[in-house]
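Asks: What follows is a structure written as structure tokens; I'll ask about it next.
The values are calculated or read from the model by the stated rules, or taken from the named source; none is laboratory data. These numbers come from a predicted model, not from an experiment. Ideal geometry is used to build each Cβ from the backbone, glycine not excepted, and the neighbour counts take in all protein chains shown.
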Amino acid sequence: MCIELSWLSPEHQECSLKHIHVTCAIIENDGFILAAQRSASMSLPLKWEFPGGKIDHGETPEECLQRELSEELGIQVCLEKSLPLSTHNYPNFVITLYPFVCTITSGEIVLHEHTAISWLQPTELHSLDWAEADVPVIETYLAEWGLCSR
């Protein structure tokens, strides 16, 4: 939350929260969706998320997602469809997620940053303790495929 302080000059009244732009992959395989658990040493420790990462300067979201999945999981994917952006306000930062529905085209999953993965049916996605920013992405994904949530 940002509070405007009238005694500050206009250039200092902007919100001081860091805003990060992050891609995420909803990886489908034979009716199942991949969820990845963040490690205990990461921010939002042990929360579940769709894998992906921060978009580097000059990089497109699509390039970022390909790079991040290669680095984090050792896989290459085909980006089938993009979903609407989703912005979430955490207490210390703001995150905008760029979600893509994907399928694995090559590689075997090797965990380089995450603690665990789980393959779930779409209707089982809510059974995990997700990072708050990913929950609206789940809702959008389920709605896109006409599936009921919760």
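Asks: Which of the residues that make up the stretch 72-105 are among the aromatic types (F, W, Y) and touching a Pro at 6+ places or on another chain (Cβ under 9 Å)?
Replies: Scanning the stretch 72-105 gives Y98, F100.
Asks: In the stretch 39-150, which strands (runs of 3 or more DSSP E) lie fully inside it and hold 3 or more residues that are on the phi < 0 side of the Ramachandran plot?
Replies: 76-82, 86-89, 93-106, 114-120
Asks: What's the number of the condition E71 fails, among (1) under 18 Å from A35 (Cβ atoms); (2) among the charged types (D, E, K, R); (3) in contact (Cβ under 8 Å) with a residue 24 or more places away in the chain; (4) surrounded by fewer than 16 Cβ atoms within 10 Å (Cβ to Cβ)?
Replies: E71 satisfies all of (1) under 18 Å from A35 (Cβ atoms); (2) among the charged types (D, E, K, R); (3) in contact (Cβ under 8 Å) with a residue 24 or more places away in the chain; (4) surrounded by fewer than 16 Cβ atoms within 10 Å (Cβ to Cβ) except (1).
Asks: Shifting gears a bit: For the stretch 23-38, give me the residue count where each residue is loosely packed, with under 14 Cβ neighbours inside 10 Å and not in a loop (DSSP other than H, G, I, E, B).
Replies: 1
Asks: Kindly check whether there is at least one residue in the stretch 98-108 that is acidic (D, E) and at pLDDT 95 or above.
Replies: Yes - at least one qualifying residue is present in the stretch 98-108.
Asks: For the stretch 91-150, how many residues are loosely packed, with under 12 Cβ neighbours inside 10 Å, under 23 Å from E62 (Cα atoms) and in contact with a helix residue (DSSP H, G or I) (Cβ under 7 Å, 6 or more places away or on another chain)?
Replies: 3
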